[in-house]
Amino acid sequence: MTKTLSCRYIHHALYLGPDQFRHCCKRFHVDGEMRGDAVVFSVDSDDDVGPDKVLVAKRELWRAINAGETTQCSGCPYLSEAEWPELDRLNLDLISVEAHSRCNMRCSYCSDIYYGNVLPKYDVMALFDRYAEAGAIGDEVVLAWGGGEPLMLDGFEKIFTTVSRRLKPLYNRVFSNAILYSQELADHLKDGRAILTTSIDAGTVETFRQVRGVNQLYKVLGNLRRYVEFAGTANIALKYIFTDGNSTVAEVEEFLARIQEHGLSHCAFQISADYKSAEIGAEQVKSAVRLYEGLLQGGTASCHFDDHLRPRINHAIRVIRASDPAALADLSILANNDRFRGQPVVVWGSGEYADGLIRESLFFEESPIAFFVDSDPAKQGGTFHNAPIKAPDAVLAVDHPVVIGSSYAYQDIRRALHAMGVADQRIVDSMIF
Ligand code: SF4
Ligand code: SF4
């Protein structure tokens with residue numbers, strides 16, 4: 001098979017907007033201009049949404065890219081040269097249902113595109129019937145449900161349950177703000193058929209109102225508690241998106257208190273950012289680090305800085321440490337990891353998260369990687385960042401510090417290290433800069 005340029009979204013994904021289908025939700029910059037969200041075509045009625053039409057559009061984009069023409073994907077870092085299969089039929093493994101822009105919030109970091117009240121120009125349930133009958137949906141499809149607020153889609157519970165039962169996706173990823181509660185969603189969370197992601201972004205009513213545009217902090221926390229009490233925490237991920245309005249340490253302390261009061265401490269957490277300015281200062285760094293530290297102390301299943309926040313924090317810490325080292329002196333987690341700088345380390349994990357840590361952290365410019373360990377036997381024996389990947393027990397053959405290079409498996413790796421007799425003094429937290 002010959003190699004061509006494509007990406008998994010062109011080949012296998014479809015994003016269903018209310019009046020437009022897209023190939024992806026990725027964004028990138030070319031010459032200072034933001035691009036991405038590659039459009040398949042506009043949609044005006046059921047006549048426009050057939051799988052054959054989508055296939056033709058995907059084929060044409062793929063052809064144009066490989067003919068060297070300028071396309072909406074030109075300059076995208078997700079394009080890769082590989083043996084991409086022929087697009088002789090549609091074989092979707094990711095369908096994101098964003099079919100309306102109705103929302104009961106008005107977040108400061110959102111826009112009319114997502115809460116402008118545009119309803120789907122087509123019948124969502126009929127679309128799934130049509131695509132399933134045409135064999136256009138793969139056996140291992142993931143369904144994402146967004147919007148707007150997905151629970152405000154007309155007939156959400158019926159569509160969600162019917163489609164989920166019929167397609168049996170690997171899982172449903174639901175992005176809900178949790179002002180509304182869905183028992184169908186709770187049932188799916190309980191038996192592992194869905195993962196819920198909800199952003200909270202505040203610990204006080206006033207800040208919540210400023211950032212989310214409504215006075216519903218306790219409604220959201222109450223509904224999250226209901227989900228957790230019914231379904232456990234395994235499939236619930238909570239977010240804190242730092243913005244200019246919620247970045248004080250005091251707000252973070254309030255948030256940590258609300259999380260604990262509502263029994264949410266053991267959920268997974270994603271810490272993100274949507275600052276208007278490119279630079280962040282010492283107070284914002286302290287808030288983010290304090291949040292991370294507080295969530296770990298509270299027993300979170302996993303916690304990580306996402307791609308919006310981590311590069312800013314890394315940059316800010318470098319700048320602040322060069323100009324005013326005392327400003328961050330009280331952050332014990334940084335001081336703890338500084339103990340290991342300059343020593344060869346073992347990294348547990350060889351996935352995307354470890355890759356990001358290694359590429360972006362000053363730590364790895366000073367600390368060479370002796371080897372990786374990974375519990376996936378398929379990876380053992382391979383290499384990553386020019387270092388060998390070994391089985392986890394290789395950690396015991398050396399006494400190098402061990403970096404936990406994973407977010408989702410953070411607690412599992414820590415537990416595994418303890419079970420192997422590796423003391424905390426040898427473990428480098430994944431928050432390294
Ligand atoms: S190449 Fe980039 S812009 Fe084009 S579909 Fe893929 S992710 Fe989207
Ligand atoms: S909850 Fe989501 S869709 Fe609604 S306003 Fe906020 S970010 Fe936008």
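Report whether or not Ala335 is hydrophobic (A, V, I, L, M, F, W, C), surrounded by fewer than 20 Cβ atoms within 10 Å (Cβ to Cβ) and at pLDDT 90 or above.
The answer is no for Ala335.
Within the range 234-254, identify whether any single residue is without any contact (Cβ under 8 Å) to a residue 12 or more places away in the chain and either among the small types (Gly, Ala, Ser) or outside the structural domain of Ser176 (by TED's automatic domain parsing) (or both), and answer yes or no.
Scanning the range 234-254, I find at least one residue that is without any contact (Cβ under 8 Å) to a residue 12 or more places away in the chain and either among the small types (Gly, Ala, Ser) or outside the structural domain of Ser176 (by TED's automatic domain parsing) (or both), so the answer is yes.
Here's the yes/no breakdown for (1) under 24 Å from Asp88 (Cβ atoms); (2) more than 10 Å from ligand 1 (Cβ to nearest atom):
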position	(1), (2)
Thr2	yes, yes
Arg22	yes, no
Asp44	no, yes
Thr70	no, yes
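Yes/no per residue for (1) more than 13 Å from ligand 1 (Cβ to nearest atom); (2) surrounded by fewer than 15 Cβ atoms within 10 Å (Cβ to Cβ); (3) of a type in the set (Gly, Ala, Ser):
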residue: Ser6; (1), (2), (3): no, no, yes
residue: Leu14; (1), (2), (3): no, no, no
residue: Gly17; (1), (2), (3): yes, no, yes
residue: Asp47; (1), (2), (3): yes, yes, no
residue: Ala57; (1), (2), (3): no, no, yes
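Can you say whether Met34 is within 12 Å of ligand 1 (Cβ to nearest atom), open to solvent by 70 Å² or more (accessible area, probe 1.4 Å) and of a type in the set (A, V, I, L, M), as far as the supplied structure shows?
In short, yes.
In the list Asp187, Asp201, Asp191, which residue meets the criterion of being in contact with a strand residue (DSSP E or B) (Cβ under 9 Å, 6 or more places away or on another chain), open to solvent by 10 Å² or more (accessible area, probe 1.4 Å) and over 20 Å from Tyr15 (Cβ atoms)?
None of the other options fit; the residue is Asp187.
Please enumerate the residues belonging to the range 352-371 that are of a type outside the set (A, V, I, L, M, F, W, C), out of contact with any Ser or Thr (no Cβ under 7 Å at 6 or more places or on another chain) and open to solvent by 10 Å² or more (accessible area, probe 1.4 Å).
Correct list: Glu352, Asp355, Arg359, Glu360, Glu365, Glu366, Pro368.
For residues that are among the charged types (D, E, K, R) and open to solvent by 60 Å² or more (accessible area, probe 1.4 Å), scanning just the range 88-123, find the one that is farthest from ligand 2 (Cβ to nearest atom).
Applying the filter and picking the extreme gives Asp88.
The rows are residues; the columns are (1) crowded, with 22+ Cβ neighbours inside 10 Å; (2) without any contact (Cβ under 8 Å) to a residue 24 or more places away in the chain.
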residue: Asp139; (1), (2): no, yes
residue: Ala144; (1), (2): yes, no
residue: Leu153; (1), (2): yes, no
residue: Phe156; (1), (2): yes, no
residue: Arg166; (1), (2): no, no
residue: Asn172; (1), (2): yes, no
residue: Phe175; (1), (2): no, no
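Could you give every pair whose Cβ atoms fall below 8 Å, whose first residue belongs to the range 59-78 and is at positive phi, and whose second residue is open to solvent by 30 Å² or more (accessible area, probe 1.4 Å) and within 8 Å of ligand 1 (Cβ to nearest atom), counting only separations of at least 6 or pairs across chains?
If the second residue must be open to solvent by 30 Å² or more (accessible area, probe 1.4 Å) and within 8 Å of ligand 1 (Cβ to nearest atom), the pairs left are Gly75/Arg35.
Tell me, yes or no, whether the range 309-323 has at least one residue that is in a helix (DSSP H, G or I), without any contact (Cβ under 8 Å) to a residue 24 or more places away in the chain and polar (S, T, N, Q).
yes
Could we say that Asp399 is farther than 26 Å from Arg312 by Cα, surrounded by fewer than 21 Cβ atoms within 10 Å (Cβ to Cβ), at pLDDT below 85 and not hydrophobic (A, V, I, L, M, F, W, C) here?
The answer is no for Asp399.
Specify which of the listed residues (Phe340, Phe269) is more than 21 Å from the chain's Cα centre (by Cα) and outside any helix (DSSP H, G or I).
Only one candidate qualifies: Phe340.
When Arg8 is evaluated against the numbered criteria (1) away from ligand 2 (no atom under 16 Å from the Cβ); (2) under 30 Å from Phe156 (Cα atoms); (3) modelled with pLDDT of 95 or more, which criterion, by number, is the only one it fails?
With respect to (1) away from ligand 2 (no atom under 16 Å from the Cβ); (2) under 30 Å from Phe156 (Cα atoms); (3) modelled with pLDDT of 95 or more, Arg8 is out only on (3).
Residues of the range 23-51 being free of Cβ contacts under 8 Å to residues at least 24 places away in the same chain and within 16 Å of ligand 2 (Cβ to nearest atom), which ones?
Result: Arg27, Asp37.
On the basis of being of a type in the set (A, V, I, L, M), in contact with a Phe, Trp or Tyr (Cβ under 9 Å, 6 or more places away or on another chain), closer than 22 Å to Leu417 by Cβ and assigned to a helix (DSSP H, G or I), does Leu295 make the cut?
Answer is yes for this residue.
Suppose we keep only residues that are within 16 Å of ligand 1 (Cβ to nearest atom) and assigned to a strand (DSSP E or B) within the range 88-141. Which one would you say is farthest from the chain's Cα centre (by Cα)?
Leu92
Looking at the range 174-196, which of its residues are within 12 Å of Glu149 (Cα to Cα) and either within 16 Å of ligand 1 (Cβ to nearest atom) or of a type outside the set (Gly, Ala, Ser) (or both)?
Val174, Phe175, Asn177, Ile179, Leu180, Tyr181
Can you report the number of residues in the range 226-235 which are surrounded by fewer than 17 Cβ atoms within 10 Å (Cβ to Cβ) and closer than 30 Å to Ser111 by Cβ?
Residues flagged as surrounded by fewer than 17 Cβ atoms within 10 Å (Cβ to Cβ) and closer than 30 Å to Ser111 by Cβ within the range 226-235 amount to 1.
The values are calculated or read from the model by the stated rules, or taken from the named source; none is laboratory data. What you see is a predicted model; the values in this text were computed from it and never measured. Neighbour counts run over all protein chains shown; Cβ positions are idealised from the backbone, glycine included. Ligands, DNA and RNA are excluded from the accessible area calculation, which covers all protein heavy atoms including side chains. Shrake-Rupley method; radii C 1.70, N 1.55, O 1.52, S 1.80 Å.
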